[in-house]
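For reference, the structure is listed below as structure tokens.
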Amino acid sequence: MRTRLILTTALCGLGLAAQAQNQEVNVVSWGGAYEKSQVQAYNMPFAEKTGIKVNMMAADNPATPLKAQVEAGNVTGDVFDIEVSDAIRLCDEGALVEIDPATLPPAPDGTPAEQDFIPGALRECAVANIFWGTPIAFDTTKFSGEKPSTAADFFDTAKFPGKRGLPKNPKRTLYLALIADGVAPDQIYEALGTPEGVDRAFAKLDTIKKDVVWWEAGAQPVQLLADGEVVMTTGYNGRFFDAMVGEGKPFEIIWDGQYMDMDMFAIPKGSPNPEAALEYLKFATSTEQLANQAKYIAYGPSRKSSAALVGLYEDGKTEMGPHMPTNEEHMKTAVMDDPEFWADHGAELTERFNSWLAAN
Amino acid sequence: MAKALDPHAAIVTEAAGPDEGGTLRTADGRPLKQALVRSSRRARRRAFLLVLPLLLFILITFVVPIGQMLQRSVKNDGFSANMPSLSAWFHENPRGTEPDDAAWAALAEDLQAAAKARTIGVVGTRINYDMPGTRSLFTSAGRKARSGVEPPYKEAILEMDQKWGDPKLWSVMREASSPYTSNFYLAAVDRTRDEQGDIVSAPAQQQIYVKLFMRTFWLSLVITFMTFLLGFPIAHLLATLPMRRSNLLMILVLLPFWTSLLVRTTAWMVLLQQQGVVNDVLVWLGVIGNNQRLQMIFNQTGTIIAMTHILLPFMILPLYSVMRTINPSYVRAARSLGATSWTAFRRIYFPQTLPGLGAGALLVFILAVGYYITPALVGGSSGQLISNMIAMHMTQTLNWSMAAALAALLLAGVLVLYWVYDRLVGIDNLKLG
Amino acid sequence: MALPTYASPLEKIWHYAYLVICAAIFFFLIAPIVVVIPLSFNAEPYFTFTDKMLSFDPDGYSLRWYDSLLTFGMARPDAPRDLSWWADAWHNAKWVNAAKSSIIIGVFSTLIATVLGTLAALGLSRPEMPWRRAIMAILISPMIVPIIITATGMFFFYSNPCEPLSWLGLNPECGRLAGTYLGVILAHATLGIPFVIITVTATLIGFDQSLNRAAASLGANPRTTFFRITMPLILPGVISGALFAFVTSFDEVVAVLFIAGPDQQTIPRQMWNGIREQISPAILAVATLLVIFSIALLTTVELLRRRSERLRGLTPR
């Protein structure tokens, strides 16, 4: 036993020794084109300005490694890019550091951060950076005649044959089934709150279940569409934009029934570099950087003062406005994320969704 | 090993011969029997000391961690640690006691404290495992309780949400008030507890694990059979060819064995995609039309094909080493006695290959049951195995107790198979090329 | 295997059919590995043979995916390729860094596994070893227990290695192994050990213990005996075992996913991310390099095996 004790302590000592590091900050984000835009707009100027090295890591959904790391007492990331509902939930569980909005930089004209951010973008433990949507995109070369144009068309495999791509989670599938089934966008959560509504959503999903390819990481839907594995898929609008405008892929976006959400930066309790993390968070959510990101990807900035600065894509000719999920036209039938609803019903619906998936 | 070369032999040859009492003695005058015992004890200790460092290493880095993880399958103090007053009330009052004023006061006190300490989410999550849909009950009550709850507590809390009066909820909270529970094992076999605490089947739409265990078992059987079907002819060919040529062909078996698992899985993804090589070839040959491309990946087919390929060497190698030792003259003798080649194969050759077949099949089955990487990448949703569900609970739903319970069941199955393997084949006979 | 002269026509047909079946199975074994090689030279970002490739048009082929292995993650990939470009690649390119991590982890875990495993194999193959079967079963179990279970256990243990001590009533504070090189190295050593044990004990089965006694009777002490007699004879087996352990570490992704931190981004982990995100042919370029690597390893192991059999006088007829 003695040897074991000594051995363990020795091992632990070595482990700790390996911990000592230079100034750096580990940011966990969503990978792909989105990560690229953050590297360009935040990381590079941040490293240049402060000399702090930024390590970027990708996760399918950074909220899960965050929670796992905090619960295991093994936090390796400093800043996590997470969705609003996760930010609220994790804050409730005591996993996040609280952030005082007064410490955030004001807008260039001096407006304090609290008034400059769009309502809802500042939370107790997290600060939003962008608005994003998950609309439907399709491959124009796969439909010679009439082209799909609504959420209902997505579920109409008789009229528009071919595989569909959907995310492997209940959040962005159930609502779409209800929209396609004729539920108005503003009544989605009311319907999903009742067992009948949930049954109705699953019944609608059942109609295309055998034609669905499920995706998990944000870059997958674009890849599935480009490879011809699916003819239509939902996915992050910024990545579709990247494929369409950046790489010239023949895709078209259906904005009907897009799901809108915010991404927020949060710092977990017990992060290895808490000071550098806060520095990074403040820098990345400043007016200029937020506007800068819109140059690389079609997501709407969370500060009012940034919106005015949004101009052209990095190619220098594409106007970003019409590609933003926050465009007025696109907002008409959009479903906004309801963090309270998902904090309450997320686990339950996920369980039912998984059991539904596993049943053949 | 020859007797004369035994390590104790030296002592015997040096022995001084029998003394008066008739006992053999060594050169230095100790009784031979005693000396032999000592010497063999020393030899045993020396052998054991050589193994000890590794044994300790494996115990610390492997056995203890798994034991520690399995402990989570019965232990979850998310509720009991964060709701101490209510847990204490449950311990003092037996099952069946109606919640009295003290209980509601304890609940109010704990809700307030947990909301302040930001642990209310943890409490809700714990209860939500046993009673889906209650997480929100706790988080919203916590949010309201933060500003204070005034007596009478029962009315105040019921006003927040009528669900607080649900006897099922109180039954579940009672279960959770002890840090130890068997509920995760129940859930792992699609069972749950009703209001009285009796074990009943889970609602049909939430039954999933038994189905997944069955699927894992069934797919592993199919894969084992496929490896047998493909491995047997190859092993036979290798065993009957002259050594030089069979060694050359053996490389074709060993190369996949040495190639990275991820490389092989990627290769299958590339081959089996709808726009992949296999579909392209089939379209080009005119077997299928361009719009009837086969779906061979992201489903069970993908899992079976890729895993058969990956596990095939584990079948071929033991079969080959057994077939090498089969004397061809038996078959020849059977033929000369009038057996057809089929009869000779069935009655004479095949029975002799059974030890290799058993070893290979068991090994393939054991490895297949616990596979994770390949089904995760090519299995889609219908080709997932129980390992993938464990991984999902570990990394996505973060229901670690559930993951541990499923892992314990899987581990128990694998260990039984491992024991059978050791009995029938012997671990010493495990060969790697 | 020649067909006997008394074979009937039907048997002859069956015999050739059998050979065709065997050829098909060999094709099934090898084709997936071979097919990635030409595809990694694809000039287009597709995973299938383009018309240009099939007509052997040089335009259909390119080294762009190999190039992208170097440039991916670099600060200034488009700068002229002088010394500073290569320095940039060495420090920043993601695949280069992954290779460095993989090699560090592979080498050290192999060292641990080989030293401990060889010692244990020596003990296990002594006839007087007590509880041989049970101990052997424990030492081989990392290979048998599903990797997801092992990784899950390690995830908790490495986050707080002192937690098990609390069962003994002790409560020491110690750091964590998760997210450190040491943690991953220990994990991989554990996973590699069964392979060392199996190969080295297999070598020792043919080992003639009387050689050791002969050396001892000629006055050699146990140390000399080990290094001059035992070691040279079992060395081929030890090296094969070490190579197996190295390959195990080099190919391992599940434990890395669970316990590694941002610094231990190994090649398999990078591949895993790549496959799940976007399988660009860059993955196939890596795959090709890994296939070449495994061919080299396989050749080494085969040569060693033959040498070992010759040394031990087991040369097959």
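Nothing in this text is a laboratory measurement; each read-out follows from the coordinates by a stated rule. Quantities reported herein were computed from a predicted structural model and do not represent experimental measurements. Positions of Cβ are backbone-derived with ideal geometry, glycine not excepted, and every protein chain shown enters the neighbour counts.
At-a-glance table
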| read-out | value |
| --- | --- |
| Spin-label proximity, C:W131 to the stretch B:405-426 - amide N less than 16 Å from point 7 Å beyond Cα toward beta carbon | none |
| Cross-link reach list, lysines versus B:K144, counting only Cα pairs under 25 Å and skipping chain neighbours closer than eight places | A:K67, A:K269, B:K116, B:K154, B:K163, B:K168 |
| Computed [θ] at 222 nm, deg cm²/dmol, chain C (DSSP H ≥ 4; -39,500 (n - 2.57); rounded to nearest 500) | -22500 deg cm²/dmol |
| Taking the stretch B:182-236 and dividing mean pair separation by its residue count, relative contact order in percent (alpha carbons under 8 Å, at least six apart) | 23 percent |
| Protection proxy ranking, peptides A:112-118, A:203-209, B:328-334, A:343-349, average beta carbon neighbours within 10 Å, highest first | A:343-349, A:112-118, A:203-209, B:328-334 |
| Folded to 0 to 90 degrees: helix B:300-324 orientation relative to chain B principal axis, Cα | 30 degrees |
| Phi to ³J(HN,Hα) by Karplus 6.51 cos²θ - 1.76 cosθ + 1.60 over the stretch A:275-286, Hz, x for Gly, Pro | 5, 4, 4, 5, 3, 4, 4, 5, 5, 5, 9, 7 |
| Subset of A:K209/C:K52; A:K210/A:K295; A:K36/A:K147; A:K209/A:K317; A:K249/A:K332 violating a 30 Å alpha-carbon distance limit | A:K209/C:K52; A:K210/A:K295; A:K36/A:K147; A:K209/A:K317 |
| Principal axis dimensions, largest first and in whole angstrom, of chain B by Cα | 94, 93, 38 |
| Percentage relative contact order, the stretch A:134-238, counting C-alpha pairs under 8 Å, at least six apart | 45 percent |
| Rounded to 10°, Cα long-axis angle of helix B:386-395 versus longest principal axis of chain B | 50 degrees |
| 5 angstrom amide H check on A:A126, placed H, neighbours 5+ away | A:I99 |
| Cut-off under 5 Å, modelled amide H: who pairs with A:I136 long-range | A:I254 |
| Between the stretch C:22-76 and the stretch C:119-165, the Cα center-to-center distance that results, in Å | 41 Å |
| Averaged over C:127-133, number of beta-carbon atoms from partner chains that fall within 10 Å | 6 |
| Per-residue [θ]222 nm for chain A (sum of -39500 (n - 2.57) over DSSP H runs n ≥ 4, rounded to 500) | -10500 deg cm²/dmol |
| Pair-distance profile P(r), taking every C-alpha pair of the stretch C:9-86, with 5 angstrom steps and integer % | 3, 12, 14, 12, 11, 12, 10, 7, 6, 4, 3, 2, 2, 1, 0 |
| Rounded FRET efficiency, nearest 0.05, which uses the C-beta distance separating B:L417 from B:F345 and R0 of 30 Å | 0.55 |
| Cα gyration tensor, the stretch B:209-429 - rounded (a/c under 1.5), prolate or oblate | oblate |
| Simple spin-label estimate for C:L211 and C:R64 in nanometres, 7 Å along Cα-Cβ | 5.7 nm |
| Cα gyration tensor category, rounded, prolate or oblate, for the stretch B:84-205 with a/c compared to 1.5 | prolate |
| Prolate/oblate/rounded call for the stretch C:99-311, Cα gyration tensor, a/c under 1.5 rounded | oblate |
| For peptides C:230-239, B:386-395, B:313-322, A:282-291, sequence by mean Cβ density within 10 Å, most packed first | B:313-322, B:386-395, A:282-291, C:230-239 |
| Tail weight of P(r) past 17 Å, computed on alpha-carbon pairs of the stretch B:217-329, percent | 63 percent |
| Average partner coverage of A:23-34, which counts Cβ from other chains inside 10 Å | 1 |
| Inter-chain shielding of B:235-247 (mean C-beta neighbours from other protein chains, 10 Å cut-off) | 2 |
| Fluctuation leader among C:V145, C:V253, C:V115 - chain C, Gaussian network, Cα springs under 10 angstrom | C:V145 |
| Label point distance in nm, B:L158-A:K147, each placed 7 Å from Cα along Cα→Cβ | 6.0 nm |
| Average Cα contact separation per residue, the stretch C:99-311, under 8 Å, 6 or more apart, as relative contact order % | 32 percent |
| Karplus-derived 3J(HN,Hα), 6.51/-1.76/1.60, for each residue of the stretch C:91-102, Hz, glycine and proline x | 8, 10, 4, 5, 5, 5, 4, 4, 4, 4, 4, 4 |
| Chain C, dipole about Cα centre (Lys/Arg Cβ +1, Asp/Glu Cβ -1), debye to the nearest 20 | 1300 debye |
| Estimated FRET transfer efficiency (C:S280, B:I251; beta-carbon r; R0 22 Å; 0.05) | 0.10 |
| Calculated diffusion of chain A, Stokes-Einstein form, Kirkwood radius summed over Cα pairs, 10 °C and 1.306 mPa s, µm²/s | 74 µm²/s |
| Efficiency of FRET from Cβ geometry, B:Q196 and A:K36, R₀ 45 Å, rounded to 0.05 | 0.20 |
| In Å, descending, principal axis extents of the Cα set of the protein assembly as shown | 105, 78, 64 |
| Cα Rg, Dmax, the stretch A:271-360, angstrom units | 18.6, 51 |
| Mean shadow area of the stretch C:33-191, taken as a quarter of the surface of its Cα convex hull (nm²) | 16.1 nm² |
